[in-house]
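The values are calculated or read from the model by the stated rules, or taken from the named source; none is laboratory data. Quantities reported herein were computed from a predicted structural model and do not represent experimental measurements. Here the Cβ positions follow ideal geometry from the backbone for every residue, glycine too, while neighbour counts run over all protein chains shown. Side chains are part of the model used for accessible areas, which takes the heavy atoms of the whole protein and leaves out ligands, DNA and RNA. Shrake-Rupley method; radii C 1.70, N 1.55, O 1.52, S 1.80 Å.
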Amino acid sequence: MKLPISWLRELVAVDGSPEVIAEALTTRGFYVVDWAWTRPPLPGLLVARIDAIRPHPGADRLRLVTVDLGGRSLEIVCGAPELELGWLVALAPVGSVLPSGLRIRESKIRGVVSPGMLCSETELGRTSEGGGLFRVPTSGGSVPSTPGAALDSVLGPSDAVLDVETPFNRPDGLGVMGLAREVKAALAGSWQPGAVDLMLAAPVPDQRFPLQNLAPEACTSIYAQEISGIRVGPSPDWLVARLALMGQRSVNNIVDITNFVLFELGHPMHAFDLNKLEGRELRVRWATPGERITTLDGTARTLSEQVLVLADASRALDIAGVMGGLDCEVKASTRTILLTCAHFDARCVRRSSQAQGLRTEAARRYERGVDSELGPRAVARFDALLAHVAPDARIERSAFQSTPPVARVMRLRASRCERLIGIPLQSERCAELLAGLEFGVRESAGELDVTIPSWRPDCTVEADLVEEVARANGYDRIPENPIRSSGAYARRSPVERCVRAARDAMVALGIDEAITSSLVSEAENAQSAALLDRQAAHLRLLNPMSKEGEWLRGDLVTGLLRATSLNLRQRAGAVRLFEVGRVFADTSGPLPVESLQIAAVLSGKRLAHTHDPAPASPKDAFDPSGAVDFLDAKGMAQAWLARMQAGESGWHPHASRFWRGAGGARISHAGKPIGWLGELSAAFLSTWEIDQPVFLFVVEMESLIQSSVEVRTATPLPRYPAVHRDVAFHVPHQVLSGEVEHSILASGGESLRSVDLFDHYRGSSSPAGTRSLAYRLVFQDLTRTLTESEISERLERIVKSVSTQHQAQLRDRT
């Protein structure tokens, strides 16, 4: 919202520079984001009178204009289409500099020398675009507008214009009057006599104009006025200049007055050419489905039954509160107008504006909530201005329909103000501050009964009045009080700490986090459930938006595979994604079950390691010699489980037609299955149009929550050396390496610190039906150095245990 200081001072008498006024508005919630003078200095430019106009001999669109500079004449080449003898215009002679920085030089244009330039509105910095040739006003300046006078002195002092950011809940701030009310209260000003008359004026309708309001729920009041004797033409200079300060171009005298009232009072109004109305009557109604109207912007629009319109006997004339129709536009031929000023429901106007994609100054005000009692005063202001601009105009008939306003009175307690604001305020002080904002205040039993003005629809509860008191008293006067925490502090729950640890562990492994939709299709849910062998029933939305998202996800597989497919279509060299989130299952109880799950996918090239062959190019981020395989995926999973401090985890075969080859692996923790790992089958991946290997890792995190947050005690580094021994066994094919490892740990005693499988061999040197598994054992005691006999004894126990439990044969020992 633009706020010219000169316009402000016409309404309210206040002391203070533009900076002081800007500061006062900002501290009260109306942020002044910028302010500037209306025009830059124009040194060297002169007032010139057009004495002669003749065609340019070498160009059809150019003319030679002879101008008088008060005793001397110049002939200027000019391309402006609108030129008339006697006009006073702005001349930039040779050597002068325009606001854009352009220095005027003598130039030859199509063979004719031009010793200067006649300036447009844009070239003088008065408008950013669309301005025609500037005409010097004949009055209103500091000196008479005579040929040869300096343009700066004729135009008078520049005006300051504030750019005010108006809160959405303060529609009164979209008018100069509303901002003037705030400035008056902030700087202890007073209303000018003319402003008082403006706020009290209201016409008396004769109720003879045929007006029907068929939608009183959306149009609570409407004023219609028939005015004859209209002469449509250019607006006077003062009106054009005032609208220019608001960034509004002049249209004609009638439309300009409606725009003037819009900016001054914040209330839209519209004028129709009454002779274009069938039946010369007005109706407020809902549009019929498919009804069409061509708006003032020249666009043909189709309306729905949810759009409110102003109409005559047969057709819509105006989208109520948004934009008028082109058919009844006020033009030069208009002699009788119908002026309308209505109060429309904010939601109705917002709906119409959004549906038609129209953002207008009128809609901007209506959708925030225009003052419901301002209409008659806006009409009176229009009539007063029309009497100056078109003295022959006369009011023929008028009508006014309105729902009687209901006074809003709320109780305010001073104790409530003190509690919420934090400073002691007596009832007298609260009453004084609210009265300054023109709230009606009456004391009753030590409390205040406050009448809410019609222009403040945002005040609905007592806390709103407390905010007004705090705002009027000054936000800067609210003391700073430290938070009284009594030593309390925020602490993450075990679930939050587990989720954070899971994310940190995945990111540390070089895997990127994805956040996918929790809505999937029925087929996707069924496929992923079969993959993970999950039997829980799924949940369907009552009102799904699409077939692809009508079910709540039962796991995280679908979302990650969607993301993988998208990345591969974008030619990503490798995909390494994970997600932590909630999954849903229906247990036929009052509420569905939400459980925490983490899933990760790996596909494409694997990250290069120090032991990998050198890449083809130093710039390659991935090793070009190979892609991710099962061991890469398992290494990632084991590293993640270790970072989660999950302790000992079991790995077991898991067969399913959706896993490739021999199947995937099921992961257990504390004897309970918690996850899956494996390569997905080509048939399963075809659903997402993925044609390369993808490895999937899924873990149910509920069982890890407690172990991931347990307090770990640190032990000092051992002072005594560790002893390494390697042992290898020929074991039957059906025996899992994890089972062998478990037997080694169980029989090795407390001094056995770790067991690592470092070799897996299957070939002719192994007995039929067996394979070779080699393990590295680390023995270490925290209190002394182990002897060779003690280590040999432990190895003998280990060999005996593995041989007995798994029908294994010792292959080698070093």
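Listing for the model above:
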| item | result |
| --- | --- |
| Probe 1.4 Å - accessible area at residue 163, Å² to nearest ten | 50 Å² |
| Hydrodynamic radius of the chain per Kirkwood, over alpha carbon pairs, in Å | 35.5 Å |
| Under 21 Å from the Cα of residue 605 - lysines, other chains or at least 8 residues apart | 619, 634 |
| Residues residue 335 and residue 594, FRET efficiency given R0 of 56 Å [Cβ-Cβ distance, rounded to 0.05] | 0.20 |
| Potential lengthening between residue 85 and residue 31 on full extension [0.36 nm per residue; Cα-Cα distance subtracted] | 14.8 nm |
| Sum of -39500 (n - 2.57) over DSSP H runs of 4+, divided by residues of the chain (222 nm, nearest 500) | -8000 deg cm²/dmol |
| Positive-end extreme of charge dipole, segment 46-155 - chosen from 67, 145, 88 (charges on Cβ) | 67 |
| Check: the chain dipole with +1 on Lys, Arg Cβ and -1 on Asp, Glu Cβ, in debye | 1100 debye |
| Segment 731-814: GluC sites (Glu not before Pro) in DSSP coil with no more than 11 other Cβ atoms inside 10 Å | 750 |
| Spin-label model distance (nm) - residue 200 vs residue 545, 7 Å beyond Cα toward Cβ | 5.7 nm |
| Surface accessible to a 1.4 Å probe, per residue, for the residues of segment 201-402, Å² | 39 Å² |
| For residue 344, distant residues with modelled amide H under 5 Å away | none |
| Sites residue 672 and residue 533, calculated FRET efficiency, Cβ-Cβ separation with R0 22 Å, nearest 0.05 | 0.95 |
| Loop-located GluC sites (Glu not before Pro) in segment 72-114 whose Cβ has at most 10 other Cβ within 10 Å (DSSP) | 82, 84 |
| Rounded accessible area of residue 548 (nearest 10 Å², 1.4 Å probe) | 110 Å² |
| Magnitude of the charge dipole, segment 409-477, Cβ model with Lys/Arg +1 and Asp/Glu -1, debye to 20 | 120 debye |
| Local electrostatic count at residue 503 - Lys and Arg +1, Asp and Glu -1, tallied over other residues with Cβ under 12 Å | -2 |
| Whichever lysines have a C-alpha closer than 23 Å to that of residue 331, once near sequence neighbours (fewer than 8 apart) are set aside | 276 |
| Partner lysines for residue 184 [C-alpha distance under 26 Å; skip if fewer than 8 residues away on the same chain] | 2 |
| Net charge, residue 74 excluded, C-beta distance under 13 Å - Lys, Arg +1, Asp, Glu -1 | -2 |
| Angle between the chain longest axis and helix 494-508 axis [Cα atoms, degrees, rounded to 10] | 80 degrees |
| On Cα atoms only, tilt of 18-27 relative to the major axis of the chain in degrees | 50 degrees |
| Difference of contour (0.36 nm per residue) and Cα-Cα distance, residue 249 to residue 350 | 33.9 nm |
| With DNA, RNA and ligands ignored, accessible area of residue 51 (1.4 Å probe; Å², nearest 10) | 70 Å² |
| Computed E for residue 805/residue 490 - FRET, C-beta separation, R0 35 angstrom, nearest 0.05 | 0.10 |
| Backbone N under 11 Å from the residue 517 label point (7 Å along Cα→Cβ), restricted to segment 541-583 | 545-551, 559 |
| Simple Cβ-charge dipole of segment 201-402, Lys/Arg +1 and Asp/Glu -1, about Cα centre, in debye nearest 20 | 260 debye |
| Per residue accessible area in Å² of segment 409-477, where ligands, DNA and RNA are left out and the probe is 1.4 Å | 49 Å² |
| Solvent exposure, largest accessible area first (probe 1.4 Å, DNA, RNA and ligands not counted), of 726, 392 | 392, 726 |
| Separation of the residue 72 and residue 423 label points, Cα + 7 Å toward Cβ, nm | 6.4 nm |
| Portion, in percent, of the accessible area of the chain that falls on carbon or sulfur, probe 1.4 Å | 52 percent |
| Solvent-accessible surface ranking, highest first, for 388, 806, 538, 760 at 1.4 angstrom | 388, 760, 538, 806 |
| Solvent exposure of segment 1-159 as accessible area per residue, Å², 1.4 Å probe | 50 Å² |
| Contour excess over end-to-end distance, with Cα ends at residue 722 and residue 103 and 0.36 nm allotted per residue | 214.0 nm |
| Largest-first ordering by accessible area, 1.4 Å probe, given options 547, 605 | 547, 605 |
| Formal net charge of residues neighbouring residue 653 (Cβ-Cβ distance under 14 Å; K, R +1; D, E -1) | 0 |
